[in-house]
Amino acid sequence: MASLGGAAAEATLFAAQRQSAGSVSGSKPDFTLRIAQADIEIAPKRVIRTLAYNGMSPGPLLRMKEGQPVTIEVINDTGEADIAHWHGLHIPSAVDGATEEGTPLVPAHGSARYSFTAMPSGTRWYHSHVSAGRNLKRATYTGQFGFLYIDPRSEPGNYDQEVFLALKEWDPYFSSAGPDDDSIDVAYEHFSINNRALGFGEPIRVKQGQRVLLRILNASATITRSIAVAGHQFRVVAMDGNPVAVPKAVQSLQLGPAERIDAIVEMNQPGVWILGAVDDHDRERGMGIVIEYAGQSGEPRWVAPPDEPWGYTAFGAAGKPDSRSAPFERVPLVFEKKFAGHHWVDKWTINGKSYPKTDPIRVKANGRYRLVFDNRSNEGHPVHLHRHTFELVKVAGVATSGVFKDVVVVAPKSQTEVDLIAKNPGLTLFHCHQQMHMDYGFMTLMKYV
Ligand SMILES: [Cu+2]
């Protein structure tokens, strides 16, 4: 366990004092989430028994206004401690929802309150942030996730309909990673978008000429995936909730675990269509949703998208000259896999060490840092920095600017550079959002010194 500085320790103590087992006195919270076992019927007779918030998965949409003070109460009706993380928010360590930063756990059969100011605006989300290890009934393998949307002070609102879509796999099991690989990976039995498998939920009902804004979240514990909408294009307007420099129409989207994309689909092809996973197996096993135009009927159509390379830089502006106002100090972070033995889970390292032995990233308040993610493994990694937003500046050698994110998938054997202004003091977790990578070492702390 990392040691806490004075202010952080005090904040943690304060948060701990606000916890109590059973009823919580005082003012009414703005939102209440109750962790308990739930049965999610993604299709008739296809019932997923999992842990969820308020008996549903995704959990309730927590909608708040930028700058609004909010209190969320989390009640844990299970026999094991858990914790909820508010992903993408710039809030203090004591309420961020990561024990490594000093946020207390929500005790078994107890509760905790999280009070913070909602910021920044955009598509955020919340999810369990415990370690799962080899227990696939915990953490992000479960139904414990939901959208948290922060309305901007001024919303351009240039759309006719807003639809939240969470991509999720269910019933995980261990499998071998591939024919040439002895290590262990996770595979899934069932798939859904929101709480229904393809063909079993209400369609997205649209009218010709509408502009439908999709707020899409990949709530997967482990899988980076591509999706497409048959007969249509996605016009990407925001990534991880932040408007992109160059909104652009594409045939398909790729999202790593925890990434969000806001995209507008112009409804200009009357019919009944499928929005879903490009992967046939996963789509046929549930990862899709039907789009139905008014007055149209028939079998929903799927059309595979043309091959098109996916890359963040398509939505960025030109790279900024390196001579800009103040230099950014380079922080190299090398990601490598450490083979753990046949039929065993591999360990992951950052600069040669696995968490909790990793060296912290040391920053000064208001300092400027260029984090250099150097992925020397042959897997992509959706790396996530808590409590901050960074700007992509170089992706596999291509300079860019104006794409602000809190998760970035670093492609196999490649480098991604991001600029960070350290302006939210307190312990800050940095980790791969692939649950198994995170649980087996791919994590470190950023410390303000
Ligand atoms: Cu990873």
> Of all residues in segment 148-163, how many are part of a loop (DSSP other than H, G, I, E, B) and either of a type in the set (Phe, Trp, Tyr) or within 18 Å of the chain's Cα centre (by Cα) (or both)?
Replying inline: 1
> Within segment 219-251, how many residues are more than 20 Å from residue 140 (Cα to Cα) and basic (Lys, Arg)?
Replying inline: 2
> Counting just the residues of segment 408-430 that are under 18 Å from the mean Cα position of the chain (by Cα) and within 15 Å of residue 362 (Cα to Cα), which one comes out farthest from the ligand (Cβ to nearest atom)?
Replying inline: 428
> Of (1) surrounded by 19 or more Cβ atoms within 10 Å (Cβ to Cβ); (2) touching a residue at least 60 places away in the same chain (Cβ under 8 Å), residue 390 satisfies all except one. Which?
Replying inline: (2)
> Being closer than 24 Å to residue 38 by Cβ, in contact with a strand residue (DSSP E or B) (Cβ under 6 Å, 6 or more places away or on another chain) and of a type in the set (Asp, Glu), is that true of even one residue in segment 90-107?
Replying inline: no
> Applying the selection to segment 431-449, what residues are out of contact with any Pro (no Cβ under 8 Å at 6 or more places or on another chain) and more than 12 Å from the ligand (Cβ to nearest atom)?
Replying inline: 449
> In this structure, is residue 374 within 16 Å of the ligand (Cβ to nearest atom), surrounded by 22 or more Cβ atoms within 10 Å (Cβ to Cβ), on the phi < 0 side of the Ramachandran plot and among the acidic types (Asp, Glu)?
Replying inline: no
> Can you find a residue in segment 321-338 that is over 30 Å from residue 391 (Cβ atoms) and either modelled with pLDDT under 95 or among the β-branched types (Val, Ile, Thr) (or both)?
Replying inline: yes
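Looking at 294, 258, can you tell me which residue is more than 26 Å from residue 46 (Cα to Cα) and in contact with a strand residue (DSSP E or B) (Cβ under 9 Å, 6 or more places away or on another chain)?
294
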> Do you know which residues across segment 201-214 are under 14 Å from residue 276 (Cα atoms) and part of a strand (DSSP E or B)?
Replying inline: 204, 214
> Within segment 245-299, how many residues are assigned to a loop (DSSP other than H, G, I, E, B), touching a residue at least 40 places away in the same chain (Cβ under 8 Å) and out of contact with any Pro (no Cβ under 8 Å at 6 or more places or on another chain)?
Replying inline: 9
> Of the residues that make up segment 344-360, is at least one modelled with pLDDT under 95 and either away from the ligand (no atom under 14 Å from the Cβ) or among the aliphatic types (A, V, I, L, M) (or both)?
Replying inline: yes
> Is one or more of the residues making up segment 183-199 modelled with pLDDT under 95, outside any loop (DSSP other than H, G, I, E, B) and over 24 Å from residue 129 (Cβ atoms)?
Replying inline: yes
> Restricting the search to segment 130-147, which residues are under 13 Å from residue 82 (Cβ atoms), in a loop (DSSP other than H, G, I, E, B) and among the aliphatic types (A, V, I, L, M)?
Replying inline: 130, 132
> Just for segment 407-419: of the residues that are out of contact with any His (no Cβ under 6 Å at 6 or more places or on another chain) and touching a residue at least 60 places away in the same chain (Cβ under 8 Å), which one is nearest to residue 240 (Cα to Cα)?
Replying inline: 408
> Going by the structure shown, is residue 337 of a type in the set (D, E, K, R), surrounded by 13 or more Cβ atoms within 10 Å (Cβ to Cβ) and touching a Gly at 6+ places or on another chain (Cβ under 7 Å)?
Replying inline: no
> Got a sec? Which of 380, 367 is within 16 Å of the ligand (Cβ to nearest atom), surrounded by fewer than 21 Cβ atoms within 10 Å (Cβ to Cβ), of a type in the set (Gly, Ala, Ser) and more than 22 Å from residue 144 (Cα to Cα)?
Replying inline: 380
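The values are calculated or read from the model by the stated rules, or taken from the named source; none is laboratory data. Please read all numbers here as calculations on a predicted model, not as lab measurements. All Cβ positions, glycine included, derive from the backbone under ideal geometry; neighbour counts span all protein chains shown.
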